[in-house]
Amino acid sequence: MAELSQLEQEFVNEQKGEGSLSIFLNGNDGLEYLGYDLNPEDIEALYFEAIGIPRWESLEADSVEKQTELYWERFNEVMGPFPLVGRIRDTDEAVDYGTDSIGALSEEIGRAEASASTPKAVKAVKKYQVALMRASEKGGGLVFKPSQLPEL
């Protein structure tokens, strides 16, 4: 449990960046902020370095349109086994995982963890796992909401 608290504190201490998704527990008491965010870098690491989506620039086609078409074809093919993880595609939109989807999301993240190939990907997986653990403990769901950065 001390390791989990240390990991959570590490996540809480991270600087929140533009385009981040704040992670909330959705339980009987309403939304409770877990204190850390899923940053765009985390999503990128999870998608490209754990799940294995090919990078757009790694694909070759005769035109930008064809390359884009090929990218989305590959994206959908690779993300097929990760429908819940794949719901987070845009950090401008909130994503709600109800209590009934926490087990399946945890299973998807477990499969991503098995192929996480970089420290960034491992960290992204851990952020999900900590949030999923908290949701399971409280019998709630999770909500990923666009961060509201303070005005300077």
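The values are calculated or read from the model by the stated rules, or taken from the named source; none is laboratory data. Quantities reported herein were computed from a predicted structural model and do not represent experimental measurements. Please note: Cβ atoms are built from the backbone with ideal geometry, for glycine as well, and neighbour counts cover all protein chains shown.
Quick one: in the range 47-64, of everything that is among the hydroxyl-bearing types (S, T, Y) and closer than 29 Å to L84 by Cα, which residue is nearest to the chain's Cα centre (by Cα)?
Pass one, the range 47-64, residues among the hydroxyl-bearing types (S, T, Y): 47, 58, 63.
This time we only want the ones that are closer than 29 Å to L84 by Cα, so: 47, 58.
Numbers: Y47: 9, S58: 23 Å.
The extreme case among them is Y47.
If the requirement is being of a type in the set (F, W, Y), part of a loop (DSSP other than H, G, I, E, B) and buried (at least 17 other Cβ atoms within 10 Å of the Cβ), which of these qualifies: F75, F82, F48?
F82
Considering only the range 116-125, I want to know if a residue exists there that is among the basic types (K, R), surrounded by 14 or more Cβ atoms within 10 Å (Cβ to Cβ) and over 16 Å from G19 (Cα atoms).
The answer is yes, given that some residue of the range 116-125 is among the basic types (K, R), surrounded by 14 or more Cβ atoms within 10 Å (Cβ to Cβ) and over 16 Å from G19 (Cα atoms).
From the list I88, I102, pick out the single residue that is in contact with a strand residue (DSSP E or B) (Cβ under 9 Å, 6 or more places away or on another chain), crowded, with 17+ Cβ neighbours inside 10 Å and within 15 Å of F48 (Cβ to Cβ).
Numbers: I102 fails: within 15 Å of F48 (Cβ to Cβ).
After ruling out the rest, the residue left standing is I88.
What pairs can you find where one residue is in the range 124-152 and over 26 Å from A114 (Cβ atoms) and of a type in the set (D, E), the other is part of a strand (DSSP E or B) and at pLDDT below 95, and their Cβ atoms are less than 8 Å apart, with a gap of 6+ or different chains?
Cβ pairs passing all conditions: none.
How many residues does the range 95-152 hold that are β-branched (V, I, T) and not in a helix (DSSP H, G or I)?
Of the residues in the range 95-152, the ones β-branched (V, I, T) are 95, 99, 102, 109, 118, 122, 125, 130, 143.
Restricting the remaining residues to those that are not in a helix (DSSP H, G or I) gives 95, 118, 143.
Here the count works out to 3.
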